[in-house]
Amino acid sequence: QSWSRGMSYCLHSESHLDTGPIYVRENGKLHVVNPGAGSVQNVTPKTRPFSLFSRSFSVELCMNREDDRARRQRTDHFIFTYTKEGNLRYSAKSLFSLVLGYISDNVDHIDSLIGFPEQIAEKLFSAAEARQKFTEPVTGLRALQKFTEAYGGLVLCSLCLRNRYLVISEKLEEIKSFRELTCLDLSCCKLGDEHELLEHLTKEALSSVKRLLLKDNSLSDAGLRRMTAPVRVLKKGLENLLVLDLSCNPKITDVGIGYLLSFKKLNCLDISGTGLKDVNAVIKRLQVQIGLVHSKVPLKEFDHSNCKTEGWAEQTVLQWEQAVMEAMKPQDNLRSRAAALRFYGKTHRIEEVVKCTLVEPETKASGNLQFYKEKVQNCHLPLKKEVAGSHELKNNKKRALAEQERERTSKQKHLCLSVEDWDLLNTY
């Protein structure tokens, strides 16, 4: 026989052995039946030891071990509190909280969350975040992708990774899973032109970015060419960009500024500390082609406080940073070893980390190169005469034709792509 309560019993007995006498109660009296003779005898009950199983009886015990780990990690189903008198009181948790805890423990096994209610999904994300499920190397990425695919900007709408290059290197795939970001701060990360994250900026998943801060990232004209290639030709990528910070990148020259003219919606631009040769020509070019005016005072749009990490995954990013800081703690032992080497007369080369403040003197030397777009006021003036109106229409037509011709010639200049540009565009 088998029972389903975690164990199964297998009973084996031989049928040819004598099972003993059989007793039958009739009219209040106990009778014994002899199987061989088939007769019934009236006997009085004796205090004879009765064996339920024969000597050849055997038992096989099989334990059902499904999830011993899950049983050990299972949280208590009761809430314990103390009354004013000091007595211990317990109450059972709600079924919703129990189900929420179970799903958050197995959040990496979810197939899809598309169409799931946002209110419950936020509670599920918080429960999984409290259990630090998104910090796990493989299962955390899989679970985070399910949330970002379904809810996009609700998971994270703004991300600040200023001076957090270690978090970027450790959690690059998780950062690339975020979608519909509107603000991204990658200042002082020293990414360079060939970094995978800069290539990801041109993807469709980040076409919603409106504020991009790339201060002090060792960028050059080649990096700007790669970033603007989809916008210049395919009208995709960072086409909705409004604020762009490229300050403290000395390798950016006048050629690289020419690639930025494809950002027609750009309202604020910071190119302080770049390697411009003819500053006046760049200022005039930005004003004529995309309508950006040079600002005499620093703009608030480039203040670091304007970009913060906001969304459901705000605590998740903090957990990533704490995990990186804890991984760096064993480096304190290396300092003691270096001190011991100096004590015994052995030289040890120690390279200091270059900070973002070292580039500030170059910014002061080149001056403040921040630009903004002036707000155009619509002036509705009544027409005095019909003749004047016809003259104005003719002049407007002439201006429109001239502007179209100018745009056509400028597009022909910008669309002269190199072989590297075409190789880059073929990857999209």
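The values are calculated or read from the model by the stated rules, or taken from the named source; none is laboratory data. From a predicted model like this one, the values you see are computed outputs, not experimental measurements. Please note: Cβ atoms are built from the backbone with ideal geometry, for glycine as well, and neighbour counts cover all protein chains shown. Remember, those area values only see protein heavy atoms, side chains included, never the ligands or the DNA or RNA. Shrake-Rupley method; radii C 1.70, N 1.55, O 1.52, S 1.80 Å.
Take Ser112: with every protein chain present and a 1.4 Å probe, its accessible area is about 70 Å².
If Trp320, Trp312 are ordered by their accessible area, calculated over protein heavy atoms with a 1.4 Å probe, which sequence runs from highest to lowest?
Details: Trp320 5, Trp312 35 Å².
Correct descending sequence by accessible area is Trp312, Trp320.
Given Lys190/Lys284; Lys210/Lys264; Lys265/Lys375; Lys123/Lys171; Lys133/Lys203; Lys236/Lys375, which pairs have Cα atoms separated by over 21 Å? Don't skip to the answer; put the middle values down first.
Numbers: Lys190/Lys284 30 Å; Lys210/Lys264 12 Å; Lys265/Lys375 13 Å; Lys123/Lys171 24 Å; Lys133/Lys203 27 Å; Lys236/Lys375 26 Å.
As for pairs spanning more than 21 Å Cα to Cα, those are Lys190/Lys284; Lys123/Lys171; Lys133/Lys203; Lys236/Lys375.
For the stretch 157-310, the fraction of alpha-carbon pairs lying more than 22 Å apart is 35 percent, rounded to a whole number.
Of the DSSP beta bridges with both residues in the stretch 157-310, give the percent that are antiparallel, rounding to the nearest 5. Walk me through the intermediate numbers first.
On the way: 1 of 14 bridges.
Just about 5 percent of them are antiparallel.
Averaged per residue, what accessible surface does the stretch 157-310 expose to a 1.4 Å probe, in Å²? Can you show the working numbers first?
Details: 6430 Å² over 154 residues.
Here the per-residue accessible area is 42 Å².
Counting only heavy atoms of the protein chains and using a 1.4 Å probe, Ile114 has close to 130 Å² of accessible surface. Summarising the amide proton neighbourhood of Ile252: residues at separation of 5 or more, or on other chains, whose placed amide H is nearer than 5 Å comprise Gly275. Given a 1.4 Å probe and the protein chains as shown, Leu234 ends up with an accessible area of around 80 Å².
Quick one: putting +1 on the C-beta of Lys and Arg, -1 on the C-beta of Asp and Glu, what dipole do you get for the stretch 157-310 around its Cα centre, in Debye to the nearest 20?
I would put it at about 460 debye.
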